[in-house]
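Taking it in order: structure first as structure tokens, then the write-up.
The values are calculated or read from the model by the stated rules, or taken from the named source; none is laboratory data. Values in this document were obtained by computation on a predicted structure and should not be read as measured data. No Cβ is skipped: glycine too gets one built from the backbone with ideal geometry, and neighbour counts run over all protein chains shown. All accessible areas refer to the heavy atoms of the entire protein, side chains included, with ligands and DNA or RNA removed. Shrake-Rupley method; radii C 1.70, N 1.55, O 1.52, S 1.80 Å.
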Amino acid sequence: MSQDKVIVEKNQGQALLTEQIKGNSKKLYIESYGCAMNLNDSEIVAAILSEQGYNTTHLIEEADLVLVNTCSIREKAEQTVRKRLEKYNAVKKINPRMKVGVLGCMAERLKEKFLEEEKIVDLVVGPDAYRDLPNLLEEVKTGRDAVNVLLSKEETYGDVSPIRLNSNGVSAFVSITRGCDNMCTFCVVPFTRGRERSREPKSILEEIKKLSEQNYKEITLLGQNVDSYLWYGGGLKKDFKNASEIAQTTAISFAELLDMVAVTYPKIRIRFSTSNPQDMNLDVIYTMAKHENICNYIHLPVQSGSTSVLKRMNRQHTRDEYIELIDNIKKIIPDCALSQDMMTGFCGETEEEHQETLSLLEHVKYDFGFMFAYSERPGTPAAKKMEDDIPLAIKKRRLAEIIVVQQKHSLYHLEQFVGKTVEILIEGSSKKSDAHWKGRNSQNAVAVFPKGDEKIGDFVNVYIEECTSATLLGKRI
Ligand code: SAH
Ligand code: F3S
């Protein structure tokens, strides 16, 4: 099969790079919801199916196979997917040969029930079973519904070279771990994505090599908890009896992996997500400080500023330990940007505990934030053992309060760049104006500036003249 790569699709005026394999005749339409890991998984699925004769399409009406990669993190995410299935139902009326598959966390959570609840669905495939897609599609061809939701202790898809979907050709995701062992009481992820597994460094470096050869300029290393990355030959951590046994092996930690990637690819910008305060250590921060090409930005979810709430959430650190970590980051990398995930209205959250979240926000002054009202997820420890007792109106009021504080801090941080020159990696045209470029600086702040003779993927120095609440505005110097 020849592997010709062409830029084919046009989407909202932007050229999208997708791999169209010559000789492939079937069409796959794939849609992703939820986290970056899901996006990257869809790229892995597209690669597995390209071997089965599928090219991707952006036109659902012409698809032979429609896959939706789903998210279960909050109830609303699941409702969004259900609505999409209604849309697929309408399309099926004009394209009756089209088959529909559900991938990802909802597939894992609902399993066979999906087939009963949503008649349009032909196959249900969990996050560790994508290699089984060719067999499952064979079953579907013979008129049967197909389900594989087995979770694996080994699967990392390390040898699959993802087909970059909707890519700007500049930034790409590279998965380094799968699953999560943490069991935060509110979280469905350990149930839908299984046990934590780290991917072999060699296969990570090989993937980045390919990206670098294809002229990608920025990669984001992905995992539910990148700081707990540990390579010691594969399998689960618990299979190693004790820490000294791990130390005696040539185990590779996240800080070491980061260092290897930064040294091997000095021209590539490196980001990573997500960090977990309980596992992030000073080695990671020193490694960031050592390398110019590791971006000065850490997404460090905390969920609450109250030690008692953190305890109920089974987060393995206190408010003070978190503050100590933040203070260390600021000491070692003074211009490091920080962002948070916060949740309001978790079981039993009192007004005082909420005030502690507000005061943590004031202490840290995050650059960005992702904030949510607690949404009970069936089957989680919180759903089983605690009462979801905070009324929605109070959850929403508290959420609105933390959003106001965060917006104030985000604006404050952007204002600090005004009058300064920052290095921007150009990612594409500004959404609002084709005459402007859009890109981000090391701290992940978005900047927009008038186009000159630069091109997508260039690093340029931009003098920041002013800012809006979310964007830096400037000119190239
Ligand atoms: N380890 C991942 C967590 C993924 S979930 C990471 O750190 O990115 C992303 C965020 O969704 C969490 O940090 C949390 O703030 C939010 N979240 C998770 N479960 C939730 C729930 N049941 N209700 C509301 N928000 C939730
Ligand atoms: Fe969820 Fe906590 Fe893991 S938020 S993904 S159980 S670190």
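The criterion of at least 1 residues that are among the β-branched types (Val, Ile, Thr), open to solvent by 20 Å² or more (accessible area, probe 1.4 Å) and more than 16 Å from ligand 2 (Cβ to nearest atom) is met by the following helices (runs of 4 or more DSSP H) wholly inside region 283-374: 307-312, 319-332. Among residues of region 412-438 that are within 25 Å of residue 364 (Cβ to Cβ), those with a Cβ under 7 angstrom from a residue that is of a type in the set (Lys, Arg), sequence gap 6+ or separate chain, pair up as 412/365. Within region 85-94, the set of residues being surrounded by fewer than 10 Cβ atoms within 10 Å (Cβ to Cβ) and in contact with a helix residue (DSSP H, G or I) (Cβ under 6 Å, 6 or more places away or on another chain) is empty. Each residue in region 42-92 was checked for being of a type in the set (A, V, I, L, M, F, W, C), more than 16 Å from ligand 2 (Cβ to nearest atom) and within 17 Å of residue 124 (Cβ to Cβ), and 9 pass.
Here the condition is being open to solvent by 50 Å² or more (accessible area, probe 1.4 Å) and at pLDDT 95 or above; of 97, 82, it holds for 82 alone.
So in region 100-119, with the set limited to residues that are touching a helix residue (DSSP H, G or I) at 6+ places or on another chain (Cβ under 6 Å) and open to solvent by 10 Å² or more (accessible area, probe 1.4 Å), which one is farthest from residue 156 (Cα to Cα)? Among those residues, the one meeting the criterion is 118. Looking for something outside the structural domain of residue 305 (by TED's automatic domain parsing), over 25 Å from the mean Cα position of the chain (by Cα) and part of a loop (DSSP other than H, G, I, E, B) - is there at least one such residue anywhere in region 457-472? Yes: region 457-472 contains one or more residues that are outside the structural domain of residue 305 (by TED's automatic domain parsing), over 25 Å from the mean Cα position of the chain (by Cα) and part of a loop (DSSP other than H, G, I, E, B). Among the residues of region 283-294, those identified as of a type outside the set (A, V, I, L, M) and in contact with a helix residue (DSSP H, G or I) (Cβ under 8 Å, 6 or more places away or on another chain) are 283, 286, 287, 290, 291, 293. Residues of region 179-229 that are away from ligand 2 (no atom under 16 Å from the Cβ), touching a Gly at 6+ places or on another chain (Cβ under 7 Å) and assigned to a helix (DSSP H, G or I): 203 alone. Picking from residues in region 191-217 that are open to solvent by 20 Å² or more (accessible area, probe 1.4 Å) and closer than 15 Å to residue 108 by Cβ, the one that is nearest to ligand 1 (Cβ to nearest atom) is 191. Being open to solvent by less than 40 Å² (accessible area, probe 1.4 Å) and of a type in the set (A, V, I, L, M, F, W, C) holds for only one residue in 393, 445, 435, 400, and it is 445.
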